[in-house]
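Here's the structure we're looking at; comments come further down.
Every number here is computed from the coordinates shown, using simple stated rules; none is lab data. Since the structure is predicted, the reported quantities are computational estimates derived from the model, not experimental observations. Cβ coordinates were reconstructed from backbone atoms using ideal geometry, including for glycine residues, and neighbour counts include every protein chain displayed.
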Amino acid sequence: MAVEFSDEAEEEFADLLSRYPNNLAAMLPTLHLAQREFGWVSVEVMDYVAEKLDVHPTRVLQAATFYTMYNKQPIGKCHIQVCTTLTCALMGGYGLIEHLEETLGIKVGETTPDGNFTLSEAECLASCGTAPMFQVTYSDGESEYFENLTEERVDEVVEELNDKLSQLPDPRTMH
């Protein structure tokens, strides 16, 4: 199956191009658009973006593999990204990771077998005053921050996330 933007994404892409001085400058927002549209940035998606931007595919590959915000493999419906930068690390970020690994039955970088959760470490998420914290990015493109976390609060959040799962698209089937 060929990768192709929906009509809505195609309109957004055209708008992106109009706001940048050249196609190369629009690469990062186009990759974000592609990730929202297709669920993750596969090699096929990178080639499609290169074609759309009229740039060599290696330029897109370099950008997509350099930046950690682009998922190069399918992720779960809820992508939990735990901040482990200095403040969060000192306030218990790594303990939250261990607790989530135990709770979800996966390690950092893995997705639960049912495709519901992916667990990742993240660089600073700009919430040092409310550490430790994590961001959840949903498969519909929305994100939410959870701050001042304890293991008990993490358990509550995971329960809340479980309640939302049926409303979210499965990114593993998006392309």
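Quick one: among Ala26, Ala50, Ala126, which has the greatest mean-square fluctuation in a GNM of the chain with alpha-carbon springs under 10 angstrom?
Ala126
Could you grab the relative contact order for the stretch 7-66? Cα pairs under 8 Å, six or more apart, rounded to a whole percent.
Across the stretch 7-66, relative contact order equals 28 percent.
For a quick check: sort Glu98, Glu8, Glu121 by the number of other beta carbons within 10 angstrom, fewest at the front.
Starting with the residue having the fewest Cβ neighbours, the order is Glu8, Glu98, Glu121.
When Rg is the radius of gyration of the Cα atoms in the chain and Rh is its Kirkwood radius, what does Rg/Rh come to?
Ratio of gyration radius to Kirkwood radius: 1.01.
Just to be sure I understand: of the beta bridges DSSP finds with both ends in the chain, what percent are antiparallel, rounded to 5?
Bridges in the chain that DSSP calls antiparallel: roughly 60 percent.
Cut-off 10 angstrom, C-alpha nodes, Gaussian network model of the chain. Which of Arg19, Arg59, Arg36 fluctuates the most?
Highest fluctuation of the listed residues: Arg19.
Any cysteines in the chain with zero other Cys Cβ atoms under 4.7 Å from their Cβ? List them, or say none.
Cys78, Cys124, Cys128
For labels at Leu24 and Glu11 in the simple 7 Å Cα→Cβ model, what's the distance in nm?
Reported label-point gap for Leu24 and Glu11 is 3.2 nm.
How would you rank Cys128, Cys83, Cys78, going from fewest to most other Cβ atoms within 10 Å of each one's own Cβ?
By the 10 Å Cβ count, ascending, the order reads Cys128, Cys78, Cys83.
Given a 10 angstrom Cα cut-off, can you work out which residue in Gly76, Gly92, Gly109 is the most mobile in a GNM of the chain?
For the chain, modelled as a Gaussian network with Cα springs under 10 Å, the answer is Gly109.
What length, rounded to one decimal in nm, is gained on full extension from Tyr67 through to Asn162, with 0.36 nm per residue of separation minus their alpha-carbon distance?
31.3 nm
Let me see the pair-distance distribution of the stretch 78-169: every alpha carbon pair, 5 Å bin width, integer percents in order.
3, 15, 28, 27, 18, 7, 2, 0
I want to check the label-to-label distance for Val43 and Asp114. Put each point 7 Å from Cα in the C-beta direction and report it in nm to one decimal.
Roughly 3.3 nm, to one decimal.
Using helices alone, what [θ] at 222 nm do you get for the chain, with -39,500 (n - 2.57) per DSSP H run of 4 or more residues, divided over all residues and rounded to the nearest 500?
-13000 deg cm²/dmol
Quantify how much of the Cα-Cα distance distribution of the stretch 7-66 extends past 13 Å, in percent.
55 percent
Counting pairs of alpha carbon atoms under 8 Å apart in space and at least six apart in sequence, what relative contact order in percent does the chain give?
22 percent
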